[in-house]
Amino acid sequence: MPRDLPRILDALLDGVVVVDAAGCIEQLNAEASRILETSTEAVAGRGIEQVPGATAFAKTVRGVLAGAPACVEHEVRVPRRFQGDVLVDAAVTPLVDDDGGVDGAIIGLRDRTLGAALREVERERAGVAALGQIASGIAHEVRNPLGGIRGAAEILAKRAASDRDRAAADLIVREVDRIAALLDDFLVFGRAGELKMTPVNLHRVLDDVLDVLAVDPLGARAKVERRFDPSIPELHADADRLVQVFLNLGRNALEAMGEREGTLTITTRLRLERRIDLGGGERVPTVAVDFEDTGCGIPDSARERIATPFFTTKARGTGLGLALARHFVAQHGGTLQIESEPRRGTRVRVSLPLRRLPARDAGGERSAAP
Ligand SMILES: Nc1ncnc2c1ncn2[C@@H]1O[C@H](COP(=O)(O)OP(=O)(O)OP(=O)(O)O)[C@@H](O)[C@H]1O
Ligand SMILES: [Mg+2]
């Protein structure tokens, strides 16, 4: 006896959507229902454009129904209401009747979110590792002569014959101190495995950071909104590093809003659906922390470079804030993603695993699962 076709479709790892010649939904299998957050009962008979998640590939479906050949669209973003967006490969194939006419289409959906997340983690890891090597090299070479320069300038300051000479020598000392502080920041990239992991209450860390920002004149005109998910359990993390990460993100957000009024919204969310899968195939639920501002946004021309050390658009910036934040997040086995619309605002999302992942190149030390 032939098997039941809907059950076979439901067993597939790929999503399947069948539409008729008019582009109306006939059937979804289980995976397509998961991806599109709906069911056959809810959307049968509706035009493909009316299914919110399907709008991303609806045009392609219309094209195939109008006679275009089968085609695959790679990494199409499916917007979702309840869980995070997913990236899918959508393969659209015409269904042909006995007379050779197109009387529908079948859409195969393959979830690529995990693959994309993995590629990003790998890219960040490689970047952080390369940076670490450069950092230790440079720091060594520059640090040694700095001590000598500072000492000599202090002697000159003491022996200075005029106020002008003394001011010049003091300037050297101050600038040397500034370079030394910069080097200290930069040296962090060269150190691995220095996290002090303890159970951390994420919301307490965020509250501390927001308290610091609240007294900063930077934030005088900004409103800060907290949307914390109270169900988030304690993380296994380095609280001091997380403070540095969030302080940098918060400062950037306030600086982006500048003198204008604006809102910084901090959202925390457990993302059980979106997991980052590392190394041995272990899947770990993550916590997403979003810093969203209504500031100037990031122009397309700068987007690629903003997390590169020393890239800054600010007169007094060092350009190390985001690079450091990304480094610390990678050490925790997490990711830092930036989305921005010029003139409208920016969202930086830090995704941290609930448990520590073995952050190989970035973190050094491995820890066993708790
Ligand atoms: N929330 C944001 N909105 C708009 N632009 C941003 C935002 N965050 C970062 N940027 C851009 O990225 C650049 C690099 O940021 P980063 O924090 O690394 O350095 P910085 O803020 O310039 O200097 P520092 O952090 O040392 O004060 C900034 O100069 C700015 O152009
Ligand atoms: Mg900054």
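Rule-based calculations on the coordinates, nothing more; no lab input. Here the structure is a predicted model, which is why all the values come from computation and not from measurement. Don't worry about glycine lacking a Cβ; one is built from the backbone with ideal geometry, like all the others, and counts go over all protein chains shown.
With the contact rule set at Cα under 8 Å and sequence spacing of 6 or more, what percent relative contact order holds for the chain?
12
For a quick check, take a GNM of the chain with Cα springs below 10 Å and name the residue from Asp211, Asp240, Asp97 with the largest mean-square fluctuation.
Ranking Asp211, Asp240, Asp97 by mean-square fluctuation puts Asp97 first.
Could you give the longest part of the chain that holds none of the GluC sites (Glu not before Pro) found in DSSP loops with at most 11 neighbouring Cβ atoms within 10 Å?
With a cap of 11 other Cβ atoms within 10 Å, the longest stretch comes to 1-258.
Residue-wise, which Karplus ³J(HN,Hα) couplings in Hz belong to the stretch 154-171, taking 6.51 cos²θ - 1.76 cosθ + 1.60, θ = phi - 60°, and x for glycine or proline?
Karplus-based 3J(HN,Hα) across the stretch 154-171 equals 5, 4, 4, 4, 5, 8, 4, 7, 9, 4, 5, 4, 5, 4, 5, 5, 4, 4 Hz.
List the trypsin sites (Lys or Arg not before Pro) within the stretch 8-87 that DSSP assigns to loop and that have no more than 13 neighbouring Cβ atoms inside 10 Å.
When the trypsin sites (Lys or Arg not before Pro) of the stretch 8-87 are filtered for loop state and at most 13 Cβ neighbours within 10 Å, Arg81 remain.
Write down Rg/Rh for the chain, rounded to two decimals, with Rg from the C-alpha atoms and Rh from the Kirkwood relation over Cα pairs. Don't skip to the end; give the middle numbers.
Values: Rg = 26.5 Å, Rh = 24.0 Å.
Ratio value, two decimals: 1.10.
Would you mind getting me the FRET efficiency between Arg123 and Ala161? Use the beta-carbon distance for r and R0 = 41 Å, nearest 0.05.
Rounded to the nearest 0.05, the efficiency is 0.15.
To the nearest 0.05, what FRET efficiency results for Asp184 and Ser39 with a Förster distance of 41 Å applied to their C-beta separation? Walk me through the numbers on the way to the answer.
Numbers: r = 56 Å, r/R0 = 1.37.
It comes out at approximately 0.15.
Please find, in a Gaussian network model of the chain (springs between Cα atoms separated by less than 10 Å), the residue of Val92, Val215, Val18 whose mean-square fluctuation is greatest.
Result: Val215 has the largest fluctuation of those listed.
Determine which aspartates and glutamates satisfy two conditions relative to Lys196: a Cα distance under 16 Å, and not lying fewer than 8 residues away in the same chain.
Cα-Cα hits under 16 Å: Glu234, Asp238, Asp240, Glu365.
Based on Cβ point charges of +1 for Lys and Arg and -1 for Asp and Glu, what charge dipole magnitude is obtained for the stretch 116-363 about its Cα centre, in debye rounded to the nearest 20?
Value, rounded to 20: 180 debye.
Through the Karplus equation 6.51 cos²θ - 1.76 cosθ + 1.60, θ set to phi - 60°, convert the phi angles of the stretch 210-226 into ³J(HN,Hα) values in whole Hz; use x for Gly and Pro.
Going residue by residue, I get 5, 5, 5, 5, 5, 8, 7, x, 3, x, 4, 9, 9, 9, 10, 10, 10 Hz, with x marking Gly and Pro.
What is the distance in Å between the Cα centroid of the stretch 198-222 and that of the stretch 303-347?
Rounded to whole Å, the Cα centres lie 18 Å apart.
Using the charge dipole of the chain (Lys, Arg: +1 at Cβ; Asp, Glu: -1 at Cβ; taken about the Cα centre), state which of Cys296, Pro217, Ala153 has its Cα farthest towards the positive end.
It is Ala153.
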